[in-house]
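For reference, the structure is listed below as structure tokens.
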Amino acid sequence: MTGLVDQNARVLDQFTLQAEAYAALVNKRGTPLSRPLLDIIRPIAQDRVLDVGCGSGQFAVAISSLVAQVTGVDITPAMLDQARALQTTHTATNIEWIEADCASLPVRDGAFDLVISRSALHHAAHPLATLSEMRRACASGGRIAVLDLTPAPDKAAAFDAIELLRDPSHARALPTDDLRALGAELGLAEIAVHTHTSELPIEVVLATSFPPPGMLARVRELYARDAARGTDTFGLGARFKDGQVWVSYPMTLVAWRRSPEIAQQTGA
């Protein structure tokens, strides 16, 4: 319990500081509804959607025009303020925002047809507990999807180490097979896996980072050294491009279905 409380405190601290810069970054990058994502989650007009760790609301607002209702949950009030501000710039009236811990969702069992988490699981103290809550909130036959950082297994420790230097709210990024194994452990039926990289200049990433004083300079130094040597120590493909260091974050989207059989067996 102490570990969960401490991690939640780190998330609250960091994302309160990051909220405005983070919202500006993701808004600038455009719609979060990429074709691979839409092809996998297949939203329909009758869907009730739960966005777990919704952050500044880009996904919830974007998908709201395609579905019946959206609920965004996040533990950080400042991020939800950004989400509400974004909603006012659109015509979305079918969105509810809830401040809550994603490992203890204040929603009814089976209340949603689609439950999704994007770039949030690596902040969770207990990823299995978060995915278990997502499963509980999902209707029998509904879909669950997680999009998150997924380093190569042999790079995972170094990846986590430098991400923690950059962002003290980072907990652990799961390699793809570890993420898939969480769903299998919960009896979810895997329906799709899609991997890709998200390429960014390191300074864009650091603009949303608020570690202790002096730490950003250390992170810059480590990335520049890795790019110069071409060793890919951190599994981020650090390289020089256009006179600056760029990195490529490995990402995986895993989608599952909560089968009626599993729901019946667990009595949920």
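The values are calculated or read from the model by the stated rules, or taken from the named source; none is laboratory data. In this text the structure is predicted, and so the values were computed from the model without any measurement. Glycine also receives a Cβ, built like all others from the backbone with ideal geometry; neighbour counts cover every protein chain displayed. Areas reflect the complete protein model, heavy atoms only, side chains present, ligands, DNA and RNA absent. Shrake-Rupley method; radii C 1.70, N 1.55, O 1.52, S 1.80 Å.
Pairs under 6 Å by beta carbon, first residue over 24 Å from Leu12 (Cβ atoms) in segment 194-210, partner of a type in the set (Val, Ile, Thr), six or more apart or different chains? If the second residue must be of a type in the set (Val, Ile, Thr), the pairs left are Thr195/Thr252; Ile202/Val245; Ile202/Val247. Taking segment 4-18 as the search range and keeping residues that are in contact (Cβ under 8 Å) with a residue 60 or more places away in the chain and under 26 Å from Ile144 (Cα atoms), which one is farthest from the chain's Cα centre (by Cα)? Only one residue tops the list, namely Leu4.
Does Glu221 satisfy the condition of being modelled with pLDDT of 95 or more, open to solvent by 10 Å² or more (accessible area, probe 1.4 Å), more than 19 Å from the chain's Cα centre (by Cα) and closer than 25 Å to Asp51 by Cα? Here the answer is no, as Glu221 does not meet what is asked. When Gly53 is tested against (1) at negative phi; (2) crowded, with 21+ Cβ neighbours inside 10 Å, exactly one condition is not met: (1).
Any residue in segment 242-251 that is over 20 Å from Ala120 (Cα atoms), open to solvent by less than 70 Å² (accessible area, probe 1.4 Å), part of a helix (DSSP H, G or I) and of a type in the set (Val, Ile, Thr)?
At the first step, the residues of segment 242-251 found to be over 20 Å from Ala120 (Cα atoms) are 242-246.
Checking the rest, the ones that are also open to solvent by less than 70 Å² (accessible area, probe 1.4 Å) come to 244-246.
Going one step further and asking which of them are part of a helix (DSSP H, G or I), we end up with none.
No; the residues of segment 242-251 include none that is over 20 Å from Ala120 (Cα atoms), open to solvent by less than 70 Å² (accessible area, probe 1.4 Å), part of a helix (DSSP H, G or I) and of a type in the set (Val, Ile, Thr).
For segment 60-74, the count of residues that are at pLDDT 95 or above, among the β-branched types (Val, Ile, Thr) and exposed (fewer than 15 other Cβ atoms within 10 Å of the Cβ) is zero. Look at segment 148-163: where a residue is closer than 13 Å to Asp178 by Cα and in a helix (DSSP H, G or I) and a partner is among the small types (Gly, Ala, Ser) and open to solvent by less than 50 Å² (accessible area, probe 1.4 Å), sitting 6+ places away or on another chain with Cβ atoms under 7 Å, you get Ala156/Ala173.
One line per residue, one yes/no per condition, for (1) buried (at least 23 other Cβ atoms within 10 Å of the Cβ); (2) basic (Lys, Arg); (3) on the phi > 0 side of the Ramachandran plot; (4) in contact with a helix residue (DSSP H, G or I) (Cβ under 8 Å, 6 or more places away or on another chain):
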| position | (1), (2), (3), (4) |
| --- | --- |
| Val146 | yes, no, no, yes |
| Pro151 | yes, no, no, yes |
| Lys155 | no, yes, no, no |
| Leu165 | no, no, no, yes |
| Pro168 | no, no, no, yes |
| Thr176 | no, no, no, no |
| Ala184 | no, no, no, no |
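Residues in segment 82-134 that are among the charged types (D, E, K, R) and in a loop (DSSP other than H, G, I, E, B) were compared, and the one that is nearest to Asp6 (Cα to Cα) is Asp101.
Scanning segment 129-161 for residues that are over 18 Å from the mean Cα position of the chain (by Cα) and over 28 Å from Arg258 (Cβ atoms) turns up Asp154, Lys155, Ala157, Ala158, Ala161. Return yes or no: is Phe234 open to solvent by 70 Å² or more (accessible area, probe 1.4 Å) and either within 25 Å of the chain's Cα centre (by Cα) or over 23 Å from Ala129 (Cβ atoms) (or both)? So Phe234 does not fit the description; no. Within segment 24-49, residues that are within 13 Å of Arg143 (Cα to Cα) and surrounded by 12 or more Cβ atoms within 10 Å (Cβ to Cβ) have Cβ atoms under 9 Å from residues that are of a type in the set (Ser, Thr, Tyr) and modelled with pLDDT of 95 or more in these pairs: Arg48/Thr71; Val49/Ser64; Val49/Thr71, counting only partners at least 6 apart in sequence or on another chain. Screening Ala207 against (1) open to solvent by 30 Å² or more (accessible area, probe 1.4 Å); (2) of a type in the set (Gly, Ala, Ser); (3) touching a helix residue (DSSP H, G or I) at 6+ places or on another chain (Cβ under 6 Å); (4) at pLDDT 95 or above leaves a single unmet condition, (4).
Mind checking whether some residue in segment 33-49 is at positive phi and more than 16 Å from the chain's Cα centre (by Cα)? Please lay out each step first, then the result.
Within segment 33-49, the subset at positive phi is 42.
Filter again for more than 16 Å from the chain's Cα centre (by Cα), leaving 42.
Looking for residues that are at positive phi and more than 16 Å from the chain's Cα centre (by Cα), one finds at least one in segment 33-49, hence yes.
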